[in-house]
Amino acid sequence: MMHDVIIVGGSYAGLSAGLQLARARRKVLVIDGGQRRNRFAATSHGFLGQDGQPPQVIAAEGRSQLMEYPSVTWVQDNVLQATGQLDEFSVSTQCNGTFQARRLILATGVVDELPAIEGLKERWGTRVFHCPYCHGYELDQGRIGVLATSPLSMHHALMLPDWGTTTLFTNGVLTPDAEQQAQLDRRGVQVQNSPVRRISGERADLELDDGQVFSLDGVFTISRTRISPLGEQLGCERVDGPTGPYLHTNEMRQTSRPGVFACGDTSLAAGSVALAVGEGVRAGTGTHFSLING
């Protein structure tokens with residue numbers, strides 16, 4: 001069967017793109033591996049109409065609504081390879097063989113590569129976060145740590161005093177210059193230069209190499225992000241973003257490869273359910289226009 005569109009990734013961006021195409025009565029196949037980026041978080045915030053909902057509830061309701069359209073098919077699987085050209089794309093899956101489509105939408109998201117600190121991975125999404133807008137308010141103006149991973153962590157440190165009393169842990173990767181230190185002072189940010197040994201405790205106790213322990217309500221850090229190899233297989237141009245590469249797209253979310261579109265974290269250096277849904281709309285409508293105009 002030749003589908004109009006194959007969407008690789010059935011999380012928020014992919015679901016949103018699929019909904020636009022389903023409503024245009026296009027034949028859509030969604031292939032999803034079931035690994036949402038925010039699967040570790042208990043609640044999602046900042047998305048109008050869904051604030052405070054569990055992420056899995058938002059995703060499940062989105063899938064349920066999409067599957068009400070008879071032109072949509074869902075396959076639970078991992079895509080291993082994508083090849084082809086405009087009107088003749090092919091994707092190979094781990095368990096269900098190969099599928100063909102006239103257009104592709106890559107909504108595969110990213111994988112977070114976390115700092116190698118004992119106890120951090122276990123608290124990712126519960127006490128260790130990356131987005132203040134998503135999780136800062138729930139810390140109730142408490143004690144917040146910023147664990148530096150690169151010079152970009154200065155941005156985090158200057159933002160977070162709006163959500164609580166903030167300490168920047170430079171961890172040997174960031175040395176504020178005089179101007180940066182003055183900015184931190186104006187924002188009331190304390191600085192600790194001793195490396196972080198581990199994170200422990202029921203909440204987030206940062207244990208430093210010099211023996212100090214800081215009991216915190218939450219920690220923010222910036223992960224490195226890794227995208228799916230599918231874009232590279234198809235020859236799509238990449239952009240080096242502040243936390244990792246992402247796929248370059250135009251305003252309609254078409255990549256440098258005609259007929260291949262991308263949306264969500266795959267093509268945007270930001271992690272937000274609301275942004276992913278909006279980008280999915282652009283990719284879905286852009287793909288529809290491409291089908292119309294050839």
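Every read-out reported here was derived from the displayed coordinates using simple, explicitly stated rules and does not represent laboratory data. Quick caveat: nothing in here was measured; it's all calculated off a predicted structure. A quick note on method: Cβ atoms are made from the backbone with ideal geometry, for glycine too, and the neighbour counts reach across all protein chains shown.
Which one is nearest to the chain's Cα centre (by Cα), of the residues in the stretch 19-36 that are under 30 Å from Thr126 (Cα atoms) and surrounded by 21 or more Cβ atoms within 10 Å (Cβ to Cβ)?
Among those residues, the one meeting the criterion is Asp32.
Could you check, for the stretch 158-169, whether at least one of its residues is more than 23 Å from the chain's Cα centre (by Cα), of a type in the set (A, V, I, L, M) and surrounded by 21 or more Cβ atoms within 10 Å (Cβ to Cβ)?
Yes; the residues of the stretch 158-169 include at least one that is more than 23 Å from the chain's Cα centre (by Cα), of a type in the set (A, V, I, L, M) and surrounded by 21 or more Cβ atoms within 10 Å (Cβ to Cβ).
Within the bounds of the stretch 172-185, is there any residue that is of a type outside the set (D, E, K, R), more than 18 Å from Val128 (Cα to Cα), in contact with a Leu (Cβ under 9 Å, 6 or more places away or on another chain) and surrounded by 20 or more Cβ atoms within 10 Å (Cβ to Cβ)?
Yes: one or more hits.
Determine whether Gly97 is farther than 30 Å from Asn293 by Cβ and not basic (Lys, Arg).
Details: farther than 30 Å from Asn293 by Cβ: yes; not basic (Lys, Arg): yes.
For Gly97, the condition - farther than 30 Å from Asn293 by Cβ and not basic (Lys, Arg) - is met.
Scanning the stretch 87-124 for residues that are of a type in the set (A, V, I, L, M, F, W, C) and loosely packed, with under 14 Cβ neighbours inside 10 Å, which turns out farthest from Gln233 (Cα to Cα)?
This residue is Ala116.
Determine if the stretch 106-119 includes at least one residue that is among the β-branched types (Val, Ile, Thr) and closer than 30 Å to Asp209 by Cβ.
Within the stretch 106-119, one or more residues are among the β-branched types (Val, Ile, Thr) and closer than 30 Å to Asp209 by Cβ.
Hand me the list of helices (runs of 4 or more DSSP H) wholly inside the stretch 124-209 holding 2 or more residues that are closer than 22 Å to Asp51 by Cβ.
132-135
I'm trying to understand the selection: among the residues of the stretch 186-203, which are more than 26 Å from Tyr137 (Cβ to Cβ), surrounded by fewer than 16 Cβ atoms within 10 Å (Cβ to Cβ) and under 28 Å from the mean Cα position of the chain (by Cα)?
Answer for the stretch 186-203, where residues must be more than 26 Å from Tyr137 (Cβ to Cβ), surrounded by fewer than 16 Cβ atoms within 10 Å (Cβ to Cβ) and under 28 Å from the mean Cα position of the chain (by Cα): Pro195, Arg198.
Exactly one of these conditions fails for Gly164: (1) in contact with a Gly (Cβ under 7 Å, 6 or more places away or on another chain); (2) touching a residue at least 60 places away in the same chain (Cβ under 8 Å). Give me its number.
The one condition Gly164 does not meet is (2).
Counting only residues that are touching a strand residue (DSSP E or B) at 6+ places or on another chain (Cβ under 8 Å), buried (at least 21 other Cβ atoms within 10 Å of the Cβ) and of a type in the set (Gly, Ala, Ser), how many does the stretch 272-294 have?
Start the filter on the stretch 272-294 by keeping residues that are touching a strand residue (DSSP E or B) at 6+ places or on another chain (Cβ under 8 Å), which leaves 283-284, 286-287, 290-291.
The next check asks that each one be buried (at least 21 other Cβ atoms within 10 Å of the Cβ); those that pass are 283-284, 286-287.
Subsequent filtering for residues that are of a type in the set (Gly, Ala, Ser) retains 283-284, 286.
Of the residues in the stretch 272-294, 3 are touching a strand residue (DSSP E or B) at 6+ places or on another chain (Cβ under 8 Å), buried (at least 21 other Cβ atoms within 10 Å of the Cβ) and of a type in the set (Gly, Ala, Ser).
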